[in-house]
Amino acid sequence: MTPVASVAATQIAGVDEAGRGALAGPVVAAACILVPRKKYPVRIGDSKQLSATERDESFEWITRECIYGIGSVDASEIDRIGILAATEIAMQQAVSQVAAITSNLYLLVDGRDAFWFDHPHSSIIRGDTSEQCIGAASIIAKVTRDRRMIELHKAFPQYGFAVHKGYGTPEHYEAIAKHGLLPLHRKTFGLMSIVAGVR
């Protein structure tokens with residue numbers, strides 16, 4: 001990988017994902033090039049550290065003012081290829097959308113995993129807290145995924161997706177035990193035993 005400092009005239013894009021550890025729903029990734037500002041009018045950082053209102057406000061500003069891309073891989077594909085490969089594909093989808101708009105990309109990717117890209121990149125542990133472009137990507141990914149899970153809640157209110165967003169809360173496990181698995185549940189995430197134990 002080429003060090004950031006040695007890349008001339010590059011556009012720095014942050015890359016992050018949401019939903020990697022959830023039991024249901026897609027894994028969503030985003031890539032974002034922030035417009036340069038000394039101070040941003042919204043909070044930009046780790047999406048988990050922002051309130052839902054702050055995330056929504058930041059999402060609206062970022063998606064209006066900045067270059068970004070969004071990728072998504074659903075539960076059936078996650079089960080087929082594994083969550084790590086699915087995360088990489090979602091990230092590649094997001095990056096390709098940004099790359100179609102601007103060239104000379106250098107990627108700052110949140111986390112420690114060694115993903116493959118067509119562009120030079122670095123992995124940064126806790127990058128969503130140290131690099132604002134990664135923080136912006138984390139906000140886009142989380143808000144996009146949360147809104148998708150809220151839509152799914154309307155179709156399947158008995159599972160409580162609007163509240164837990166598909167993660168493994170006690171309420172979610174109870175709903176699975178009572179109502180069974182949906183196609184949007186990740187069967188390879190140890191959920192079959194819950195249903196088998198009840199039935």
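Observations
- Residues in the stretch 1-19 that are buried (at least 17 other Cβ atoms within 10 Å of the Cβ) and in a loop (DSSP other than H, G, I, E, B) were compared, and the one that is modelled with the highest pLDDT is Gly19.
- Residue list for the stretch 111-131, restricted to those being touching a strand residue (DSSP E or B) at 6+ places or on another chain (Cβ under 8 Å) and among the acidic types (Asp, Glu): Asp113, Asp128, Glu131
- Filtered residue count, the stretch 150-180, keeping only those that are under 17 Å from Gly21 (Cα atoms) and aliphatic (A, V, I, L, M): 3
- For the stretch 50-66, the set of residues classified as assigned to a helix (DSSP H, G or I) and either of a type in the set (S, T, N, Q) or farther than 12 Å from Ala141 by Cα (or both) consists of Ala52, Thr53, Glu54, Glu57, Ser58, Glu60, Trp61, Thr63, Arg64, Glu65, listed by residue number.
- Residues that are of a type in the set (A, V, I, L, M, F, W, C), buried (at least 20 other Cβ atoms within 10 Å of the Cβ), in a strand (DSSP E or B) and out of contact with any His (no Cβ under 6 Å at 6 or more places or on another chain) are absent from the stretch 133-148 altogether.
- Top-ranked residue in the stretch 67-114 [being in a helix (DSSP H, G or I) and among the acidic types (Asp, Glu); ranked as nearest to Ile134 (Cα to Cα)]: Glu88
- Per-region count, the stretch 90-132, residues free of Cβ contacts under 8 Å to residues at least 60 places away in the same chain, under 24 Å from Ala75 (Cβ atoms), surrounded by fewer than 18 Cβ atoms within 10 Å (Cβ to Cβ) and not charged (D, E, K, R): 2
- Residues in the stretch 166-176 that are touching a strand residue (DSSP E or B) at 6+ places or on another chain (Cβ under 9 Å) and outside any helix (DSSP H, G or I): Gly166, Tyr167.
- Meets criteria (of a type in the set (A, V, I, L, M, F, W, C) and modelled with pLDDT of 95 or more) for Ala196: no
The values are calculated or read from the model by the stated rules, or taken from the named source; none is laboratory data. Note that this is a predicted model, so its numbers are computed, not measured. Glycine also receives a Cβ, built like all others from the backbone with ideal geometry; neighbour counts cover every protein chain displayed.
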